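Here's the structure, in structure tokens; my notes come after.
The values are calculated or read from the model by the stated rules, or taken from the named source; none is laboratory data. Just so we're clear, the structure is a prediction, and the values are computed from it rather than from any experiment. Positions of Cβ are generated from backbone atoms using ideal geometry, with glycine treated the same way; all protein chains shown enter the neighbour counts. Protein only, heavy atoms only, side chains kept; ligands, DNA and RNA dropped before computing areas. Shrake-Rupley method; radii C 1.70, N 1.55, O 1.52, S 1.80 Å.
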Amino acid sequence: YCKTVVIVQDNLDICPNTGSFGKITGELKTSKGDLTNPVEVQLYNNGSMMKEVVGGPYSFLDLKLSQNYTVKPLRNDEPLNGVTTADIVKIQKHILGKSAITDAYTLIAADVNNSKSISSADIAEIRKLILGTISEFSKVRSWTFVPSAYTFADPTNPFDAPREQNVNFGATKETKDVPFVAVKMGDVTQDARASNLNAGKTRTNGTLSFEIDEKSLNAGDTYKVDFKSSDFNNITGYQFTLKFDASALSFEGIEAGVLNTNESNFGLNRLNQGVITTSWDARDGASFGKNDVLFSLTFKVNKSVKVSQMFTINSDVTTAEAYNVQSDVEGVKLGVRTDRGVVAGEVFELYQNEPNPFAKQTVISYRLPEASAVKLTIYDVTGKVVRVYSLNGQKGFNSYTVNKSELNNANGVLYYQLDAANNTATKRMVIVE
């Protein structure tokens with residue numbers, strides 16, 4: 001057996017009150033004014049938690065008067081939400097004195113190791129999260145909350161700001177408004193989704209292309225893949241997931257090129273899945289020629305293959321994006337240099353649907369090595385098939401728009417599976433009201 005507590009709350013203030021009671025309410029918003037939810041808001045009385053609600057905004061009703069209470073919001077979901085290499089670029093400029101961060105809440109967001117200062121240790125922690133070598137920050141939750149009424153004595157040193165608010169009730173019935181400012185840890189560019197209803201960052205039409213040379217590889221060989229680019233101009237940072245065929249290639253090492261990368265710029269904890277993540281940033285915008293080797297990866301070849309069939313760039317673990325000196329966000333792609341010019345790698349790949357979560361429609365994209373018929377199956381968490389689409393896929397990039405109205409009023413978590421020739425892949429998506 002176990003002991004538990006059942007808390008019955010009159011959140012809509014329907015039940016009649018027989019005496020005088022107090023009420024505490026408040027909104028939870030980012031410094032930009034975006035409503036934040038879901039947030040667990042705890043209410044303490046004399047050091048003991050007496051109530052907890054999930055909200056944004058929140059309310060505590062029917063509170064005894066002449067009492068002292070403490071309100072404490074907590075949220076610890078999606079640590080990677082809004083955290084990218086662009087944040088590292090901005091923190092690096094702050095540390096070097098090139099562009100100081102002056103906003104108190106942004107400084108709090110940068111202190112992910114809770115040292116009450118901004119240093120290279122914060123950058124190292126953020127990069128580990130981006131690369132997927134850690135799943136969450138080790139010293140802080142993904143969000144923190146500062147009472148809106150708090151005034152920073154020194155906005156350049158805001159790290160001792162309170163994360164809870166004391167509320168004192170008098171002897172007469174009253175309502176206390178206790179709002180908080182929500183801060184997404186690690187997100188100094190302020191583009192995190194405050195709630196599932198908020199959109200993510202907007203991407204420009206620019207694209208940074210990484211390129212590798214086409215070659216036929218023989219089993220038993222050791223092959224060094226040189227990554228180059230024809231449009232590496234004024235780039236301040238990038239990140240992406242590199243997918244390779246783990247049955248055909250075995251990773252052996254990294255070699256620095258003109259970018260001076262090292263193992264700290266790569267996530268190697270998913271090699272058995274054929275996944276390498278990478279994140280790089282520069283103090284200033286960097287530019288290199290099309291024949292400059294940015295970095296190299298070495299592999300042992302297990303079976304005879306072509307390079308174009310072995311690699312692809314996607315956002316499976318680390319979102320594929322790049323940044324230039326204008327702070328614009330660019331897409332990242334992988335091309336293969338052949339006698340016919342640069343072509344897309346001939347690989348099978350299923351991409352994450354966009355947007356996700358979605359309320360009305362979403363786009364599912366995929367890449368095929370050859371034109372073929374494909375089957376797109378959508379099913380729920382129990383394995384029940386919700387919808388099957390029979391499609392004719394073209395060689396290269398394809399996309400298909402799925403409308404919520406086609407999914408039999410399904411909501412919540414769904415899975416979509418793509419079957420084509422000898423390949424199959426599955427991903428998860430979420431439908432919201």
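Yes/no matrix, rows are residues, columns are (1) open to solvent by 20 Å² or more (accessible area, probe 1.4 Å); (2) at pLDDT 95 or above; (3) more than 18 Å from residue 184 (Cβ to Cβ):
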{"position": "63", "(1), (2), (3)": "no, no, yes"}
{"position": "66", "(1), (2), (3)": "yes, no, yes"}
{"position": "73", "(1), (2), (3)": "no, yes, no"}
{"position": "91", "(1), (2), (3)": "no, yes, no"}
{"position": "108", "(1), (2), (3)": "no, yes, no"}
{"position": "115", "(1), (2), (3)": "yes, yes, yes"}
* To do: Taking the options 116, 98, name whichever one is among the basic types (Lys, Arg), in contact (Cβ under 8 Å) with a residue 12 or more places away in the chain and under 23 Å from residue 146 (Cβ atoms).
  => 116
* Asked: Which one of these is part of a loop (DSSP other than H, G, I, E, B), among the small types (Gly, Ala, Ser), surrounded by 22 or more Cβ atoms within 10 Å (Cβ to Cβ) and out of contact with any helix residue (DSSP H, G or I) (no Cβ under 8 Å at 6 or more places or on another chain): 192, 171, 149?
  -> 192
* Structure fact -> Residue count, region 267-290, condition within 27 Å of residue 248 (Cα to Cα) and out of contact with any helix residue (DSSP H, G or I) (no Cβ under 7 Å at 6 or more places or on another chain), comes to 9
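Each row is one residue, and each column tells you yes or no for (1) assigned to a loop (DSSP other than H, G, I, E, B); (2) of a type outside the set (Ser, Thr, Tyr).
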{"position": "282", "(1), (2)": "no, yes"}
{"position": "293", "(1), (2)": "yes, yes"}
{"position": "298", "(1), (2)": "no, no"}
{"position": "312", "(1), (2)": "no, no"}
{"position": "337", "(1), (2)": "no, yes"}
{"position": "342", "(1), (2)": "no, yes"}
* Could you tell me which residue of region 382-408 is most open to solvent (accessible area, probe 1.4 Å), considering only residues that are closer than 19 Å to residue 359 by Cβ and among the β-branched types (Val, Ile, Thr)? => 401
* Only one of these is open to solvent by less than 10 Å² (accessible area, probe 1.4 Å) and more than 19 Å from the chain's Cα centre (by Cα): 248, 219, 256. Name it. => 248
* What do you reckon, is residue 338 open to solvent by 10 Å² or more (accessible area, probe 1.4 Å) and more than 23 Å from residue 244 (Cα to Cα)? -> no
* Scan (1) over 22 Å from residue 326 (Cα atoms); (2) surrounded by fewer than 13 Cβ atoms within 10 Å (Cβ to Cβ); (3) not basic (Lys, Arg) for the single condition residue 99 breaks and write down its number. => (1)
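Do we have any residue at all in region 288-310 that's among the hydrophobic types (A, V, I, L, M, F, W, C), closer than 19 Å to residue 87 by Cβ and open to solvent by 20 Å² or more (accessible area, probe 1.4 Å)?
no
Considering region 57-112 alone, what residues qualify as being polar (S, T, N, Q) and within 26 Å of the chain's Cα centre (by Cα)?
Initially, region 57-112 is screened for residues polar (S, T, N, Q), giving 59, 66-68, 70, 76, 81, 84-85, 92, 99, 102, 106.
Of everything in region 57-112, those that are polar (S, T, N, Q) and within 26 Å of the chain's Cα centre (by Cα) turn out to be 76, 81, 84, 85, 92, 99, 102, 106.
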